[in-house]
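S.K.: This is the structure I want to talk about, given as structure tokens.
The values are calculated or read from the model by the stated rules, or taken from the named source; none is laboratory data. As the structure is a computational prediction, the values presented were derived from the model and not from experiment. Heads up, the Cβs are rebuilt from the backbone with ideal geometry, glycines too, and the neighbour counts pull from every protein chain shown. Keep in mind that these areas ignore ligands, DNA and RNA; they rest on the heavy atoms of the full protein, side chains included. Shrake-Rupley method; radii C 1.70, N 1.55, O 1.52, S 1.80 Å.
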Amino acid sequence: MIVPAEAAVTGLSNLAVQARVDAGRVNAVPAAPGRSLAQILRANVLTRFNAILGAMFAVVLVVGPPQDALFGAVLVVNTGIGVAQELRAKRALDRLAILTAGRARAVRDGAVTEIALDRIVVDDVLELGRGDQVPVDGTVLCADGLELDEALLTGEAEPVHKQPGDPVLSGSAVVAGAGRIRADRVGGDAYAARLQARARRFSLIRSELQQGTNQILRLVTWVMIPAGLLLILSEFFRSHDPLRDAARGSAAGLVAMVPEGLVLLTSLAFAAGALRLARRRVLVQELAAIEGLARADVLCIDKTGTLTEPGLRLVATEVVSGRAGAHVAEVIGALAAVDEAPNETGQSLAARYPAPAGWTVLRRVPFSSARKWSGAEFDGHGTWLLGAPSVIAGNRLPDDVAAAVRDHEAAGRRVLLLASATGPLDGDRRPGDAEPAALVVLAEELRGDAAAAVRYLLDQGITIKVLSGDAPRAVAAIAARAGIAAGGPARDASALREEEIGDALASTNVLGRVRPEQKLAAVRALQAAGHVVAMCGDGVNDVQALKQADLGIAMGTGSQASRSVARVVLLDGTFAAIPPMLAEGRRVVANIERVARLFVTKTVYAAIIAVAVGTAGITYPFFPRHLTIVSTLTIGVPGFFLALAPGAPRARAGFTRRVLAFAVPAGVAAAGAALASYALVRGGPGPAARTAAMLAVFAVGLWVLALVAGRPSPGRVVLVAAMAAGLVPLFAFPLARRVLALQLPSAAALATEAVVVLAAVAALTVWRRVSSRTAGRRRPRRS
């Protein structure tokens, strides 16, 4: 189809747009990743364990008194709290997402209008500039040095030149130049949508917490099946208990083995963390991303826009080779004027040097991070280049000019070389006969909060690598001002092959003259070396590295392309938001591990008791109501507080192993104390024996809670004491004792039980200390 030239200028009329809207030919944008209301309800309510508990709830309601069904009410309340908290976080994140939602510039009735992506219609004319992400599939109508990065779609890192008539695919990013396209395929017909709406995110972030939790749940399921069957067979066929008691005992054993709150509190911790970050204007585009920075030990950052304030300040223009200053000013003004989508450098130059009259551009090469230079050929005024001195002139700079460049770069300034070329521009190939005309010196201001943020991150054991497209000396100077030690001479990445990037990063923390594909190679090299890598960036040249990193962090003030691929967006565009992210991530990881230890401990002691009862053929030592009391006071209520507790060390790998290493001996201690206490008092009244078993589990459970809570602090002591005090009213009031079937054993039996509990607690404590020392000796020392 031949497109009239005027189509790129006028675009669609408003009537044509409305006709396409009425016909449904609009860009129905896929919903952003994240759970909908239905998904949240389904994830929290329709689970395998809720099904088990629901069935047991129904059985107990039929055969037993209603107080034995208290676990059903607790389950409903806990699930309701979890759903409400996650919905609250979702609403907050959705409000923030509106601030980073992509926008498009559409040409309609001859005017450029900014519209939401879901208002694009078929045949719309869209204007693209550097840093934009292509929202729909289309055809190029006109192009001014337009280059697209299609790596997120094709895996090819090299920018692709686009000419009128060339196709473009949604999900591509503009890395150089500008142009206008016609929207051909929108919504579900676009290429990105056909890739499962993953043009921005092809895969979910790897979450060891979620994987570990799922692994624990699978293990629990495999333990529950044989232990539960053995218990049911024993209760109904060997214990000689009445049918009602056998059913209640079976229900109590099965319910106790279910870690019903583990998934709930994991979701709660993630949602609460996202909500706290939202209050700091940090948009978490995927809840599990909170875990990413908690596990990161290397943070890769760009210099410009991350350590430094947005924007550049023109410090000086130093004329060389006897050029006339007025002529140099005209050249710079002309170069700045021909760039229709200027970056920060172009904006600062255009603000100082006005466009001269009568300069007609014949050919133009826009700036790109891969080339590190731009140029234009003017009718009657020759060919001019502007870019990095080492790229344009190499080692052919006069000694005095080279010395001036080194001095400025050592002071942390950005230096561009203006040079003339005798021949015309030939595509994007740089002319080889460039003659220096002037040095353009630009300065960046270090962010006021950068040094404090860097100091915090370094104190937390995170290594910071600065990857910048600027000269190594300039990058090293800015990094030093921020408090980042180079750890070795800053390296020039332009002289490195991609396979050499890893060795370079092992010898220094600062790389200059880094191309976009080298940033990607740097992240991959660090990951191959066993590091968990977070990447912070704001430009289109950071997109591939942001996508590859374990956690991509984009500045809200950065390009649309970088925001679209990042897991986390700092809406205020400030580097100082990263330390709170680190603290929040560590809090979430540590709290989920604490909660998991509590719930898995319960599963372990419940399974051991079930197997022991089933093997011995005796009556199950608890009614469901007894285990509801224990679970509520030693796991459920404190679990909510622990899931939201502040402070934590850097996360480490081995979540599942550590949880099981704690829970198995803790469960053995609790089960041993309960069975021994039940056996000691079993000859007396039935309620007394069950009460003795409940008290033993409760006492060991409190000690487990104290161990899980960590080092004593006023808040943790109050939490444990409050849970212990919660048992007192149940024994103080006769009605409560009667409803809950509680009867204290004799004083002698209580004294004997106290010895049993103390022995179990002592054994668990000794085991913990011995295993901690052994693990400390095995753990390799970090360099």
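S.K.: List the residue pairs whose Cβ atoms are under 6 Å apart, where the first residue sits in region 478-493 and is on the phi > 0 side of the Ramachandran plot, the second is surrounded by 23 or more Cβ atoms within 10 Å (Cβ to Cβ) and not hydroxyl-bearing (Ser, Thr, Tyr), and the two are 6 or more positions apart or on different chains.
M.R.: From region 478-493, the pairs are GLY483/VAL454.
S.K.: Here are some residues: ILE609, ILE578, ILE629, ILE635. Which one is within 26 Å of the chain's Cα centre (by Cα) and at pLDDT 85 or above?
M.R.: Unique residue meeting the criteria: ILE578.
S.K.: Out of VAL466, VAL514, I need the residue that is crowded, with 20+ Cβ neighbours inside 10 Å, closer than 19 Å to ARG414 by Cα and at pLDDT 90 or above. Which one?
M.R.: Step by step, each of VAL466, VAL514 is checked, and only VAL466 is crowded, with 20+ Cβ neighbours inside 10 Å, closer than 19 Å to ARG414 by Cα and at pLDDT 90 or above.
S.K.: Could you please find all residues in region 504-524 being over 17 Å from GLY539 (Cα atoms) and not aliphatic (A, V, I, L, M)?
M.R.: The answer is SER507, THR508, ASN509, ARG524.
S.K.: Still on this structure, I have one more. Regarding region 617-625, can at least one residue be identified that is at pLDDT 85 or above, closer than 30 Å to ARG737 by Cα and open to solvent by 20 Å² or more (accessible area, probe 1.4 Å)?
M.R.: no
Residue by residue, here is whether (1) modelled with pLDDT under 70; (2) within 20 Å of the chain's Cα centre (by Cα); (3) surrounded by fewer than 17 Cβ atoms within 10 Å (Cβ to Cβ) holds:
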| site | (1), (2), (3) |
| --- | --- |
| VAL29 | yes, no, no |
| ARG35 | yes, yes, no |
| PRO65 | yes, no, yes |
| ALA69 | yes, no, no |
| ALA84 | no, no, yes |
| ARG88 | no, yes, yes |
| ALA101 | yes, yes, yes |
| ALA104 | no, no, no |
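S.K.: Taking the criterion of being at positive phi and at pLDDT 75 or above, would at least one residue in region 186-200 satisfy it?
M.R.: yes
S.K.: Filter region 277-329 for residues that are out of contact with any Phe, Trp or Tyr (no Cβ under 7 Å at 6 or more places or on another chain), without any contact (Cβ under 8 Å) to a residue 40 or more places away in the chain and part of a helix (DSSP H, G or I) and give the result.
M.R.: Once the filter is applied, which keeps residues that are out of contact with any Phe, Trp or Tyr (no Cβ under 7 Å at 6 or more places or on another chain), without any contact (Cβ under 8 Å) to a residue 40 or more places away in the chain and part of a helix (DSSP H, G or I), region 277-329 yields GLY325, ALA326, HIS327.
S.K.: Please work out which residue is most open to solvent (accessible area, probe 1.4 Å), limiting yourself to region 349-380 and to residues that are in contact with a strand residue (DSSP E or B) (Cβ under 9 Å, 6 or more places away or on another chain), without any contact (Cβ under 8 Å) to a residue 40 or more places away in the chain and not in a strand (DSSP E or B).
M.R.: That would be ARG352.
S.K.: Moving on. Could you tell me whether ALA437 is crowded, with 22+ Cβ neighbours inside 10 Å and farther than 23 Å from VAL315 by Cα?
M.R.: no
S.K.: Moving on to the next point. What tally of residues in region 657-681 results from selecting those that are within 42 Å of the chain's Cα centre (by Cα) and either farther than 16 Å from VAL613 by Cβ or surrounded by fewer than 18 Cβ atoms within 10 Å (Cβ to Cβ) (or both)?
M.R.: The total comes to 11.
S.K.: I want to confirm something. Restricting to region 348-373 and keeping residues that are farther than 11 Å from ALA334 by Cβ and of a type in the set (Lys, Arg), which single residue is modelled with the highest pLDDT?
M.R.: ARG352
S.K.: Within the group GLU340, GLU318, which residue is modelled with pLDDT under 85, surrounded by fewer than 18 Cβ atoms within 10 Å (Cβ to Cβ), farther than 21 Å from ILE592 by Cα and not aromatic (Phe, Trp, Tyr)?
M.R.: Going through GLU340, GLU318 in turn, just one is modelled with pLDDT under 85, surrounded by fewer than 18 Cβ atoms within 10 Å (Cβ to Cβ), farther than 21 Å from ILE592 by Cα and not aromatic (Phe, Trp, Tyr): GLU340.
S.K.: Can you confirm whether THR752 is at pLDDT 90 or above, open to solvent by less than 50 Å² (accessible area, probe 1.4 Å), part of a helix (DSSP H, G or I) and not hydrophobic (A, V, I, L, M, F, W, C)?
M.R.: no
S.K.: Something else about it: Kindly establish whether LEU417 is under 28 Å from PRO310 (Cα atoms) and open to solvent by less than 20 Å² (accessible area, probe 1.4 Å).
M.R.: So LEU417 passes the test.
S.K.: Which condition number does THR383 fail, the rest of (1) of a type in the set (Ser, Thr, Tyr); (2) part of a strand (DSSP E or B); (3) under 21 Å from ARG313 (Cα atoms) being met?
M.R.: Just one mismatch for THR383, condition (3).
S.K.: Same structure, new question: Taking ARG497 as the residue in question, decide whether it is free of Cβ contacts under 8 Å to residues at least 12 places away in the same chain, under 23 Å from GLU150 (Cα atoms) and either under 22 Å from the mean Cα position of the chain (by Cα) or surrounded by fewer than 24 Cβ atoms within 10 Å (Cβ to Cβ) (or both).
M.R.: yes
S.K.: For region 394-411, give me the residue count where each residue is at pLDDT below 85 and either crowded, with 19+ Cβ neighbours inside 10 Å or assigned to a strand (DSSP E or B) (or both).
M.R.: Final tally of qualifying residues: 0.
S.K.: While we're on this one: Condition (residue is part of a helix (DSSP H, G or I), at pLDDT below 80 and surrounded by fewer than 20 Cβ atoms within 10 Å (Cβ to Cβ)) applied to region 154-174: is it met by at least one residue?
M.R.: Yes, region 154-174 contains at least one residue that is part of a helix (DSSP H, G or I), at pLDDT below 80 and surrounded by fewer than 20 Cβ atoms within 10 Å (Cβ to Cβ).
S.K.: Within region 291-313, is even one residue out of contact with any Asp or Glu (no Cβ under 6 Å at 6 or more places or on another chain), modelled with pLDDT under 80, surrounded by fewer than 22 Cβ atoms within 10 Å (Cβ to Cβ) and more than 17 Å from ARG567 (Cα to Cα)?
M.R.: yes
Rundown of residues vs (1) buried (at least 24 other Cβ atoms within 10 Å of the Cβ); (2) among the small types (Gly, Ala, Ser), yes/no style:
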{"site": "VAL523", "(1), (2)": "yes, no"}
{"site": "ALA528", "(1), (2)": "no, yes"}
{"site": "VAL543", "(1), (2)": "yes, no"}
{"site": "LYS547", "(1), (2)": "no, no"}
{"site": "MET555", "(1), (2)": "yes, no"}
